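Everything below concerns the one structure shown next.
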Amino acid sequence: MFFKKKQRSNRELEVNPFYKDKNALVLYIKCDKCGEVFRSHLRIGYDFIINYDDRSAPFMIDKVYVGSKCPNKIEIKAKFTGSYKPVSIEIDGGKFISRETYEEEAEG
């Protein structure tokens with residue numbers, strides 16, 4: 001018997017929009033302006049900035065995404081614990097979506 005994984009709710013995505021995939025965290029986002037969807041792989045040990053100012057959140061990201069459909073910028077800033085669990089997350093110009101929503105909209 002196969003079990004289908006439950007899709008993450010909007011509340012769950014606000015708390016932790018990152019999906020663990022081998023040596024990366026995967027993020028799915030949607031542009032507020034044109035509705036374009038994005039998938040981003042953030043490689044552990046490569047795409048993260050070391051945050052020397054905060055021992056409780058030693059890693060962070062500061063990324064800007066621009067799609068092919070419009071010039072809108074989607075900015076994401078996040079801080080992580082030493083085990084890459086998000087401590088704080090900010091997104092401007094877009095919203096986090098689930099993997100399932102991304103797959104539906106990317107195919108459609």
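General remarks:
- Under Karplus coefficients 6.51, -1.76 and 1.60, residue-wise ³J(HN,Hα) of the stretch 93-104 in Hz, glycine/proline x: x, x, 9, 7, 10, 7, 4, 5, 5, 4, 4, 5
- Options VAL15, ALA57, VAL87, ranked by Cα towards positive dipole end of the stretch 10-107, top entry (Cβ charges): ALA57
- Which labelled figure in [x] 1.10; [y] 0.95; [z] 1.02 is Cα Rg over 2.2 N^0.38 Å, once derived from the coordinates: [x]
- Interchain or long-range residues, amide H under 5 Å from ASN51's placed H: PHE59, MET60
- Once C-alpha pairs closer than 8 Å and six or more residues apart are averaged by separation and normalised to the residue number of the stretch 10-107, the relative contact order reads 29 percent.
- Around the Cα centre of the stretch 10-107, unit charges on the Cβ atoms of Lys, Arg, Asp and Glu (plus for the first two, minus for the last two) sum to a dipole of about 240 debye.
- Here is the short version for the chain: CYS31 have no other Cys C-beta closer than 4.7 Å.
- Using a Förster distance of 30 Å, the FRET efficiency for ASP62-ASN23 (Cβ separation, nearest 0.05): 0.90
- Rounded Å value of the spacing that divides the Cα centres of the stretch 26-42 and the stretch 58-108: 6 Å
- Under-5 Å amide H pairs with ILE44, H placed in peptide plane, nonlocal only: ALA24, LEU25
Every read-out reported here was derived from the displayed coordinates using simple, explicitly stated rules and does not represent laboratory data. Here the structure is a predicted model, which is why all the values come from computation and not from measurement. A quick note on method: Cβ atoms are made from the backbone with ideal geometry, for glycine too, and the neighbour counts reach across all protein chains shown.
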